[in-house]
Amino acid sequence: MKPDRRLRVVILGATGTVGQRFVTLLSHHPWFEITRVAASERSAGKTYRDACRWRVPTPMPKGVAPLIVTDLSAADDIDLAFSALTADVAGDVEVRWAQAGVPVFSNARNHRMEPDVPLMIPEVNPDHLRLIPGQCASRQFPASGFLVTNANCSATFLAMALAPLHRTFGVELVSVVTMQAVSGAGYPGLSALDISGNVIPFISGEEEKLESETQKILGLQRNGAIHPAELRVSAQVNRVPVIDGHLESVSVKLTNPTNLDDVRDALQSFSGEPQTEDLPSAPRMPIVVLDEPDRPQPKLDVDRENGMATFVGGLRRCSVLDYKMTVLGHNTLRGAAGGSVLNAELAMARGLIGGAG
Ligand SMILES: NC(=O)c1ccc[n+]([C@@H]2O[C@H](COP(=O)([O-])OP(=O)(O)OC[C@H]3O[C@@H](n4cnc5c(N)ncnc54)[C@H](OP(=O)(O)O)[C@@H]3O)[C@@H](O)[C@H]2O)c1
């Protein structure tokens with residue numbers, strides 16, 4: 001699929017950690033074109049170059065650097081909005097953009113658990129996009145405006161790794177312990193004095209998000225409503241001194257007994273609509289299984305597959321539940337901006353935006 005023209009995009013929160021990833025991913029996107037960058041009053045009126053402390057390890061894209069950062073006010077000369085706003089402002093701002101007829105793809109937590117808002121991982125639950133007509137009708141958005149969210153970054157990788165197991169064998173119980181990178185806390189984030197040489201065993205609200213968002217993501221869509229998956233998740237979270245990449249130690253109890261080879265095959269062969277539709281940001285393989293006993297590692301693996309895959313290693317039997325594994329993903333790419341861009345590509349392929357399908 002190739003649209004007639006590139007769609008005009010605004011990035012809300014363009015100056016932050018996730019916003020900068022959006023800028024990088026969209027600056028040469030075949031379907032989307034950055035026409036506006038928006039942020040707080042602190043940044044509005046400055047050039048993007050001056051407003052932003054650029055922290056991505058590739059240069060700031062030349063076309064974006066001279067753009068003047070605007071405030072967050074909605075406008076209808078934009079085809080698509082990506083939101084990397086902090087939760088204190090995202091909720092109302094995103095609704096105002098949807099009311100202006102603009103589809104909004106958000107990273108913020110505000111609307112994720114609302115029953116009429118898709119919480120998307122395109123390989124896992126593409127049918128959740130079927131919530132959109134009901135959302136537009138009940139919220140009286142113009143037909144072109146709607147809200148789609150992507151999950152908490154740790155929940156994204158957990159749900160991705162569980163999806164093939166849940167689909168094939170059923171998953172009943174999950175225990176997950178996370179080791180989450182500092183970039184997950186935004187910029188400037190934690191004080192170096194707090195996190196250097198340290199582990200902080202608390203991230204506000206994170207355990208609850210892992211538990212509830214996983215159930216919604218893996219839930220079934222029937223007649224325009226999501227029925228959450230019945231599996232139970234127990235999460236413990238830690239902030240660790242790693243720049244990018246959330247690592248998760250996961251144990252699962254399956255409904256239907258199986259063997260280790262079949263578990264491995266289910267993970268390795270997992271694929272979805274982004275791969276069959278050959279969407280521009282889709283990883284070749286959404287789950288990469290690693291057999292080396294000491295992998296995946298953030299330092300060695302997180303940037304592979306353009307930061308868009310979920311890496312699974314250490315697959316073995318668990319003496320308490322059935323199987324255990326180590327899961328890794330790039331929190332600001334697949335876990336944030338890259339996940340949103342893939343959601344928008346899927347919506348475009350399905351004809352929900354841009355008038356093409
Ligand atoms: N970092 C991750 O790994 C990750 C992963 C998944 C989801 N998320 C979610 O993504 C969102 C962005 O996270 P982040 O890590 O990129 O945060 P961040 O680095 O703190 O960036 C926040 C952005 O929001 C803007 N902003 C802050 N307060 C504002 C206000 N009062 N009015 C208007 N704009 C305001 C900032 O603009 P100024 O620069 O002008 O202040 C900046 O562009 C959050 O909702 C977060 O929970 C983050």
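The values are calculated or read from the model by the stated rules, or taken from the named source; none is laboratory data. Just so it is clear, the model here is predicted, and its values are computed rather than measured. With ideal geometry, Cβ positions are generated from the backbone for all residues, glycine too; neighbour counts draw on all protein chains shown. Accessible surface is based on the protein model in full, side chains and every heavy atom, while ligands, DNA and RNA are left aside. Shrake-Rupley method; radii C 1.70, N 1.55, O 1.52, S 1.80 Å.
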Cross-link table Lys253/Lys299; Lys2/Lys46; Lys299/Lys324; Lys2/Lys209, entries beyond 25 Å C-alpha to C-alpha: Lys253/Lys299; Lys2/Lys46; Lys2/Lys209
Residues whose placed amide H lies under 5 Å from that of Thr310, excluding near-sequence neighbours: Ile287, Val288
Net +/- balance of residues flanking Val177 in space, Cβ distance below 14 Å, scoring K and R +1, D and E -1: -2
Computed Kirkwood radius, in angstrom, where 1/r is averaged over Cα pairs of the range 307-357: 13.2 Å
Dipole moment magnitude, nearest 20 debye, the chain about Cα centre, only Lys, Arg, Asp, Glu C-beta charged: 500 debye
Rounded percent of accessible protein surface that carbon and sulfur make up, the range 80-182, 1.4 Å probe: 53 percent
Met348 - accessible surface, heavy atoms, 1.4 Å probe, Å² rounded to 10: 0 Å²
HN-Hα J in Hz across the range 116-121 - Karplus 6.51, -1.76, 1.60, θ = phi - 60°, x for Gly and Pro: 9, 10, x, 10, 9, 10
Residue-by-residue Karplus 3J(HN,Hα) for the range 302-315, coefficients 6.51, -1.76, 1.60, Hz, glycine and proline x: 5, 8, 5, 6, 6, x, 10, 9, 9, 9, 10, x, x, 6
Antiparallel %, DSSP beta bridges [both residues in the chain], to 5: 45 percent
Expected 222 nm ellipticity per residue - DSSP helices of 4 or more, -39500 (n - 2.57), all of the chain, to 500: -7500 deg cm²/dmol
Per-residue ³J(HN,Hα) for the range 219-227, Karplus 6.51 cos²θ - 1.76 cosθ + 1.60, θ = phi - 60°, Hz, x for Gly and Pro: x, 9, 8, 9, 6, x, 9, 9, 9
Residue-span extension gain [Asp77 to His227] - 0.36 nm each, minus C-alpha spacing: 50.4 nm
Inter-site label distance for Ile200 and Ala143 at 7 Å from Cα along Cβ, in nm: 4.8 nm
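Provide the per residue accessible area, probe 1.4 Å, for the chain, rounded to a whole number of square angstrom.
43 Å²
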For Leu7, distant residues with modelled amide H under 5 Å away: Phe32, Glu33
Max mean-square fluctuation residue, GNM over the chain, Cα-Cα springs under 10 Å, options Asp322, Asp88, Asp244: Asp88
Amide H contacts under 5 Å for Leu315, placed H, 5+ residues apart: Thr326
Inter-site label distance for Gln236 and Arg6 at 7 Å from Cα along Cβ, in nm: 4.8 nm
